[in-house]
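Peer 1: Below is one structure. I have some questions about it.
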Amino acid sequence: MSHEDSNKLRNVDRVEQAGQDYRRYVDVALVVIGGVKDVYAAASPLVAQWKRRNRRDRRRR
C-alpha cells in the first residue's frame, strides 16, 4: 500500500469518527432538550399559580 493510500484511509477513519462524535452529541442534545421540555411542562403550572398569587398580593398593598 502506498503512502497516499494510507493517508486516504486515515482521512476516511477521521471522517467516520467525526460522524460518530457528531451523532453522539446530537443524541445528548435531544435527550437534554427532552428533559428541559419535561421540566418546563412540570413547572409551568406551578409558575402560573405563583404569578397568580403574586398578582393578588400586589393589589392589597
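Peer 1: Using the structure shown, decide if Asp5 is free of Cβ contacts under 8 Å to residues at least 12 places away in the same chain, exposed (fewer than 10 other Cβ atoms within 10 Å of the Cβ), assigned to a helix (DSSP H, G or I) and not aromatic (Phe, Trp, Tyr).
Peer 2: Values: free of Cβ contacts under 8 Å to residues at least 12 places away in the same chain: yes; exposed (fewer than 10 other Cβ atoms within 10 Å of the Cβ): yes; assigned to a helix (DSSP H, G or I): yes; not aromatic (Phe, Trp, Tyr): yes.
In short, yes.
Peer 1: Continuing with this model, one more query. Which of the following residues is hydrophobic (A, V, I, L, M, F, W, C), part of a helix (DSSP H, G or I) and within 23 Å of the chain's Cα centre (by Cα): Val12, Val36?
Peer 2: None of the other options fit; the residue is Val36.
Read the figures in this text as sums done on the coordinates, not as results from a lab. Here the structure is a predicted model, which means the values were calculated and not measured. Quick reminder, even Gly has a Cβ in these numbers, built from the backbone with ideal geometry, and neighbours come from all protein chains shown.
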